[in-house]
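The values are calculated or read from the model by the stated rules, or taken from the named source; none is laboratory data. On a predicted model such as this, the values are computed, not experimentally measured, just so you know. FYI the Cβ positions are ideal-geometry reconstructions off the backbone, even for glycines, and counts take in every protein chain you see. Note: areas computed on protein heavy atoms with side chains; ligands, DNA, RNA excluded. Shrake-Rupley method; radii C 1.70, N 1.55, O 1.52, S 1.80 Å.
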Amino acid sequence: MASEHKNLSVFSTENLPDISEKHFAILVAEWNSEVTDPLFSGAYQTLLRFGAKEEFIHVQTVPGSYELSYGAALAAQASHIDAVICIGCVIQGETRHNDYINNAVAHGLTQVSIQYNKPVIFGVLTPNTLQQALDRAGGKHGNKGDEAAITAIKMLGVSF
Ligand code: RBF
């Protein structure tokens, strides 16, 4: 998990499932786009790197992270979508808006995942500062977008 001392984008990529026929939705919040753009690029490139087809990656922006839940619900209810990756960045401000947004999105995405039985990945940064966010969006702590994509791929390999 996130740590100041570890590059988080070092992860195991052994035994990943074949995703060449899988369809992915990537939802990207427009707020803090200097952070969400590189997170998106990381997720997109990682899906391609591990075998996803470009034409099977469906990208949609939403205004802010709060809107990710609704976007995820629309994506997850689409029968051809296999996994949903949600990208956002909510930076702590002087008021408690970040708590409300973060809690709402975390619960919303969990609910969508369970309702539609599909992986819905929480690729939302919740930093105290913009610098902390940039450090995790292709900076010194790696790119959480890469990790979100790997998590989606791994979850497609989970079955009982
Ligand atoms: N959306 C984000 O994705 N990141 C933010 O840091 C963020 N900060 C916000 C701060 C305030 C005070 C408000 C009212 C909204 C903020 N939003 C942010 C937008 C939010 O996710 C959503 O788009 C709007 O609240 C409209 O539903």
Once label points are set 7 Å from the Cα along Cα→Cβ at both residue 115 and residue 129, what is their separation, rounded to one decimal in nm?
3.8 nm
To the nearest whole percent, what portion of all C-alpha pairs in segment 27-96 is separated by more than 19 angstrom?
38 percent
Dipole check, the chain, charges on Cβ (K,R +1; D,E -1), about Cα centroid: among 157, 111, 68 the Cα furthest to the positive pole belongs to 157
What list of ³J(HN,Hα) couplings, whole Hz, do you get for segment 18-24 from phi and the Karplus terms 6.51, -1.76, 1.60, once you set θ to phi - 60° and write x for glycine and proline?
6, 10, 5, 10, 8, 9, 10
For segment 104-151: accessible area per residue (Å², 1.4 Å)
46 Å²
Check: the chain dipole with +1 on Lys, Arg Cβ and -1 on Asp, Glu Cβ, in debye
260 debye
Per residue of the chain, what 222 nm ellipticity follows from adding -39500 (n - 2.57) for every DSSP H run with n ≥ 4, rounded to the nearest 500?
-13000 deg cm²/dmol
Once phi is turned into ³J(HN,Hα) by the Karplus curve 6.51 cos²θ - 1.76 cosθ + 1.60 with θ = phi - 60°, what whole-Hz value does each residue of segment 50-56 show in order, with x for glycine and proline?
9, x, 6, 8, 3, 6, 9
For the chain, what is the relative contact order in percent, using Cα pairs closer than 8 Å and at least 6 residues apart in sequence?
32 percent
What's the local net charge at residue 57, with K and R +1, D and E -1, over the other residues with C-beta under 13 Å away?
-1
Percent antiparallel among DSSP beta bridges confined to the chain, nearest 5, equals 10 percent
Through the Karplus equation 6.51 cos²θ - 1.76 cosθ + 1.60, θ set to phi - 60°, convert the phi angles of segment 12-17 into ³J(HN,Hα) values in whole Hz; use x for Gly and Pro.
6, 10, 7, 6, 6, x
Here the net charge surrounding residue 119, from other residues whose Cβ is less than 11 Å away from its Cβ (Lys, Arg +1; Asp, Glu -1), is +2
